[in-house]
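Take a look at the structure below.
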Amino acid sequence: MLALSGGKTKLVDVDFRFSCHCYSRGLREGEMAPEGLAVPDGSKEMPRPRIFDLERYALSKGIAGMIDQLIANNSIVTKSRHENFFRVDNVLVNRNGCSETVSYFIFMHAKKVEDPGRPKTILVTVESAYAAMEGIPNPVGQGSRFFGQMLGERWEPLNKGITAKGRNKRKRF
């Protein structure tokens, strides 16, 4: 259920897609992917080679369930500085033979999709998901909202982008 302006709500289909960043990581300086573990990303002109990551892969199996809970509870998500939003859950990881509970960050981007011959939908792309790691700073949020409210803002943007001349301009969502 999307939360729209003026206290209105709207029931809309939401499609989800998952990127390879949910189960792979970037290569470290000078690192080469072992045979069979390379994960292609990007375009031919601008490749971004990645490597299969066993921890990310194991944790990615729980993302759909976390998203189900996010939807069912209309939980809080946090805007990031990159025009996307993220959710934080606690997960159990096993590192170096020790189990520990850490924060798990799920980054998503949502946009309204209008395809000819189909009802309008919201497409949520799970861009990345990873557990907190020592030495890597946690993401910094820029305001939290309920999930339905965040999707409602993608459906019906609050700032319509009126220019000084009174024309609408497009804004990337």
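The values are calculated or read from the model by the stated rules, or taken from the named source; none is laboratory data. Everything quoted here is computed from the prediction, not taken from an experiment. Using ideal geometry, Cβ is built from the backbone for each residue, glycine included, and neighbour counts are taken over all protein chains shown. Keep in mind that these areas ignore ligands, DNA and RNA; they rest on the heavy atoms of the full protein, side chains included. Shrake-Rupley method; radii C 1.70, N 1.55, O 1.52, S 1.80 Å.
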How much length would be gained if the chain were fully extended between ASN90 and LEU123, taking 0.36 nm per residue of separation minus their Cα-Cα distance, in nm to one decimal?
9.4 nm
What's the ranking of 97-107, 124-134 by average number of surrounding C-beta atoms within 10 Å, highest first?
124-134, 97-107
Cα radius of gyration and Dmax for segment 44-167 (Å)
17.5, 63
Angle between the Cα long axis of helix 63-73 and the longest principal axis of the chain, 0 to 90 degrees, nearest 10?
40
Before anything else, pin down the relative contact order of segment 14-173: Cα pairs under 8 Å, at least 6 apart, normalised by residue count, whole percent.
24
The chain: calculated mean residue ellipticity at 222 nm from DSSP helix runs of at least 4, using -39500 (n - 2.57)
-4500 deg cm²/dmol
Dipole magnitude of segment 4-158, debye to nearest 20 (Cβ charges: Lys/Arg +1, Asp/Glu -1, about Cα centre)
440
Carbon plus sulfur, as percent of the 1.4 Å-probe accessible area of segment 49-164, comes to 51
Whole-number accessible area per residue in Å² for the chain, which is evaluated in the context of all protein chains at 1.4 Å
66
Counting as exposed only trypsin sites (Lys or Arg not before Pro) in DSSP loop states with no more than 12 other Cβ atoms inside 10 Å, the longest exposed-site-free span of the chain is 121-159
Out of the GluC sites (Glu not before Pro) in segment 1-87, which ones are loop residues according to DSSP with at most 15 other C-beta atoms within 10 Å?
GLU29, GLU31, GLU35, GLU45, GLU83
Projecting the Cα atoms of VAL39, PRO49, GLY6 onto the charge dipole of segment 6-53, where Lys and Arg contribute +1 and Asp and Glu -1 at Cβ, the residue farthest towards the positive end is GLY6
